[in-house]
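One structure is given below, encoded as structure tokens.
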Amino acid sequence: MTGRRGGSLMLQRDFDHILFLSVMGLVLIGIAFVYSATVENTQVAAPLHTRQALWALAGVIAIVVSIRLPIQFYFGASYILFIAVILVLMALLVVGGGEGGRWFALSSGVRIQPSIQPSEPAKIVLVLAVARYLSGRLVNFKRARDFLIPLGLAFIPFVLVMRQPDLGTGMIFPMIIIPMLYWKGLPIWIIFLLCTPILSVVTAFSPETWGVAMFIIGLVVWRKKVKPGLAILVILVNIVLGILTPVVWDNLHEYQQNRISTFVNPQNDPLGAGYQIIQSTVAVGSGGLTGKGYLQGTQTKLNFLPEQHTDFIYSVIAEETGMLGALIVLLLFAVVLQRTLKAATEVRNTFAGLVIAGASGILFAHIVINIGMSLGLLPITGLPLPFISYGGSHLLSMMLLVGIVLGLRLRWMEY
């Protein structure tokens, strides 16, 4: 690669300045609105915006370092990193941690303990491991193992994170795999069959609806002439899930049941489980076109909006800057996703393309789910908004992810 030696990589012609600047814009917006959400909140240890800024600085360093690492490093280290992060997640279940065992404290004896959440970098490591598997051999999707093994890799961190318990983060792991399989060429009808367990879980509480879902699944299996072994597996998995889902529901934590049932009708418990959704939609709606002004949000300043610096920071933005500010944030996210997908189409290395596709999946899932729950369109899952929500582990991981994308895009000509 000529012209790459010496000087800053960020000044190279192939460096994606638009992606980098869009991400930094979102990071700065995040710091500003973490400050707005916590400056008058006596229930939150301050100054959280300062800590967010320090994590952002660490994220910039992570971007610089990850840009300089060659494709061969990510490929060679992928399985080792995957094993390491699985061991860390297992250790976390044994020794425990904050919020039921989700974080490792980095120090003690201070007012605000810095900590790290291993499930955040685990998303990146899963992408690297799956990308290596799909690119390191001749994949033939006519063999079931070639798409079942990536799902198996995702299943391991999924189970470990769900055991913490962290429902929101846990469900991201299987979602990461779908765009990577599609990018590799897995037909859309097979992806549908892979997603049928979700359909069975959603419809399991109504025998009539579940029967219709099973009929559609059977029709696809028949029309596509699925091999008998795989057809039997798909049907059996969906039957088992249809039977067990009501049983599993009865054994969920009460807060998890409340999040799901309240999503259907928040007014059933407006002062309890429905409070978060109601207050979030009120904050968004009250912003109008131009908002109430920075630091002037009443839902925020009067602490009506819960988790306003983390889960519902998009509601704070919408209340204080209105529809215009909320759309600017959406536009920046659209640019980030477009530039990321563009990079995936441009790189010549198969492993690099799969990694970038997986990175797009992580970002897309977080953006859609977080904003969806802020608008009352999706259940509350506790997933942060990339680059904006308060949280050091998440911010650092997302910036590292972008750094990997930028580095792979910079080496787009390498095979």
Checklist outcome for this item: Residue hits (segment 381-415; of a type in the set (Phe, Trp, Tyr) and surrounded by fewer than 24 Cβ atoms within 10 Å (Cβ to Cβ)) are TRP412, TYR415
Checklist entry - Do you know which of the residues in segment 164-196 that are among the small types (Gly, Ala, Ser) and in a helix (DSSP H, G or I) is modelled with the lowest pLDDT? => result GLY168
Next on the checklist: Take the conditions farther than 23 Å from LEU128 by Cα, more than 21 Å from the chain's Cα centre (by Cα) and modelled with pLDDT under 95 and apply them to VAL282. Does it pass?
Outcome noted: yes
Item to check | Qualifying residues in segment 92-114 (those that are surrounded by fewer than 17 Cβ atoms within 10 Å (Cβ to Cβ) and under 28 Å from ILE63 (Cα atoms)) - the one modelled with the highest pLDDT | outcome: ALA105
Checklist entry - Of GLN72, GLN52, GLN43, which residue is under 20 Å from GLY407 (Cβ atoms) and modelled with pLDDT under 95? => result GLN72
Item to check | Tally, over segment 203-232, of residues that are surrounded by 15 or more Cβ atoms within 10 Å (Cβ to Cβ), aliphatic (A, V, I, L, M) and without any contact (Cβ under 8 Å) to a residue 40 or more places away in the chain | outcome: 7
Next on the checklist: Condition first: part of a helix (DSSP H, G or I) and surrounded by 14 or more Cβ atoms within 10 Å (Cβ to Cβ). Now tell me which residues in segment 126-147 satisfy that.
Outcome noted: LEU126, VAL127, LEU128, ALA129, VAL130, ALA131, ARG132, TYR133, LEU134, SER135, ASP146, PHE147
Item to check | Scan of segment 212-252 for residues that are within 28 Å of the chain's Cα centre (by Cα) and outside any helix (DSSP H, G or I), ordered by number | outcome: ASN251, LEU252
Item to check | Filter pass, LYS184 being surrounded by 13 or more Cβ atoms within 10 Å (Cβ to Cβ), farther than 28 Å from ILE380 by Cα and among the basic types (Lys, Arg) | outcome: yes
Checklist entry - Does at least one position in segment 5-19 carry a residue that is at pLDDT 90 or above and surrounded by fewer than 19 Cβ atoms within 10 Å (Cβ to Cβ)? => result yes
Item to check | Selected residue (criterion: nearest to LEU87 (Cα to Cα)) from residues of segment 130-154 that are at pLDDT below 90 and of a type in the set (Phe, Trp, Tyr) | outcome: PHE147
Next on the checklist: Residues to consider are ILE198, ILE243, ILE235, ILE239; find the one that is touching a Gly at 6+ places or on another chain (Cβ under 9 Å) and hydrophobic (A, V, I, L, M, F, W, C).
Outcome noted: ILE235
Checklist entry - Residue check: is ASP166 surrounded by 20 or more Cβ atoms within 10 Å (Cβ to Cβ) and among the acidic types (Asp, Glu)? => result yes
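The values are calculated or read from the model by the stated rules, or taken from the named source; none is laboratory data. In this text the structure is predicted, and so the values were computed from the model without any measurement. Ideal geometry is used to build each Cβ from the backbone, glycine not excepted, and the neighbour counts take in all protein chains shown.
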